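Data first, discussion second: the structure below is written as structure tokens.
The values are calculated or read from the model by the stated rules, or taken from the named source; none is laboratory data. What you see is a predicted model; the values in this text were computed from it and never measured. Neighbour counts run over all protein chains shown; Cβ positions are idealised from the backbone, glycine included. Each accessible area value is taken on the protein alone, full model and side chains, heavy atoms only, with ligands, DNA and RNA left out. Shrake-Rupley method; radii C 1.70, N 1.55, O 1.52, S 1.80 Å.
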Amino acid sequence: MYDASMIEKELVAASTEPLILSLLTNGESYGYELIQEVKRLSGDKIQWTDGMLYPVLHRMEDAGWIKSRWVEVESGRKRKYYSIKKDGHQALKEKREQWSLISSVLGGLWKGQHV
Amino acid sequence: MFNLEQSIAEWRRQMLAAGLKTPTPLNELESHLREDMRAILATTEPEALAFQLAVSRLGTPGPLRTEFNKLQNQACWPARMGYWLYAGAMILIAASIAVAKYLSVGPGKMGFLPHPLLLYAHVVSLTAGYCAAFFAGCLGICFVCYRFLHTLSPAREQSLDRAARLFAYLATALTFVGIGLALIWTKQQYGGYFAGDLREFASICALIWLVALCVIRRISRVTGRARMLMCIAGNVMVSLAWFGPFMLVHGMAGYWPLAIFLGLNFIFLVIGVAPARERANT
């Protein structure tokens, strides 16, 4: 059944990079943790297909926005941690301005409107 | 009886068979799978069920392979062509300069005298540096054309910007090395680092521009368009640094292609500076 409260997949896709960059400004993190954090912050309304996060992370790494390193966590298990780079902060700044603009335009249009 | 390690090995085989060939993404996906399994097992699901659930959440191999394959083909064709052309041009330049030196100086002297070798290395590195700056400029022109034709996607812009950045850094490093070699050669020949040649001044001007281009990329808050336009302006700077001194000595007559080149770059700069037009779709 369609759940109207779920965010549409196009919007989820468009918001993935700013979400990742914003989360990484709080410190380095790994894919699984990023997914759980987004689920928690959105009250489960933003649902990423788990595996699809990784091509996005790799693309952002190729673009020079983030960097990664493998860390051994316990009993030989490894996790790939990502952290934001200088260019990533710049990219986030630009994305933040774009999203703020869209938000303020929509906010202005919807002010006083009753849906 | 369920065996987790066997199941993961089987899952890896399926992923590999589906075309996910590079080990890094697969290791990372496996790490994720294990994380998710641990979380699901904490809610007391049976291990076999937890594995199935974690695998289904991770996604099917086909779409995952498609997404990872997109990363391999991310460079747009002007950037890919630029890399290949530059590599080819460098081999050609090095070979032609070597042949020219061989013919003019002779193989014996080339092998023993340090001065021609130093000069040869200077000419090759400076030529390679200037060529890299031209490639960055050409990518800037591609950017302007894509934007003018309304076909500039974010992926294309990113690919062009990345390639232009690489060429700009390469240009700066090679020009720096080339000038350094020239200083040493001048010192050996004339006893001082500068011989008062106009070309020395011109190459230092080009280097200052290239360093500024790299520094602005790193520290200043400039848009992608401004970065690409600066690369086009680099075409003007570097061509003047390269051919300007000869032009001043020999006159404009033989240098009409340079005038055309500069004129074209100015046109692209003007088009790039102009605000984007609305697409006429009515």
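Figures for the structure shown
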read-out: Any hit, the stretch B:227-236, residues being in a helix (DSSP H, G or I) and either within 14 Å of another protein chain (Cβ to nearest Cβ) or modelled with pLDDT under 90 (or both); value: yes
read-out: Where A:D87 falls short, out of the listed (1) within 23 Å of B:K70 (Cβ to Cβ); (2) of a type in the set (D, E); (3) touching a strand residue (DSSP E or B) at 6+ places or on another chain (Cβ under 6 Å); value: (3)
read-out: Counted residues, the stretch A:66-90 - those being at pLDDT 85 or above and more than 10 Å from chain B (Cβ to nearest Cβ); value: 12
read-out: The stretch B:247-279, residues that are without any contact (Cβ under 8 Å) to a residue 12 or more places away in the chain and outside any loop (DSSP other than H, G, I, E, B); value: B:M247, B:H250, B:A253, B:G254, B:W256, B:P257, B:A259, B:I260, B:G263, B:L264, B:I267, B:V270
read-out: Failed condition for A:Q36, given (1) at pLDDT 90 or above; (2) more than 10 Å from chain B (Cβ to nearest Cβ); (3) closer than 26 Å to B:G62 by Cβ; (4) open to solvent by 20 Å² or more (accessible area, probe 1.4 Å); value: (2)
read-out: Condition check for B:Q188: part of a helix (DSSP H, G or I), surrounded by fewer than 19 Cβ atoms within 10 Å (Cβ to Cβ) and either at pLDDT below 90 or within 18 Å of the chain's Cα centre (by Cα) (or both); value: yes
read-out: Yes/no for A:T25 being among the β-branched types (V, I, T), within 26 Å of B:A163 (Cβ to Cβ) and at pLDDT 90 or above; value: no
read-out: Within the stretch B:1-87, helices (runs of 4 or more DSSP H) holding 3 or more residues that are modelled with pLDDT under 85 and under 25 Å from B:L160 (Cβ atoms); value: B:61-72
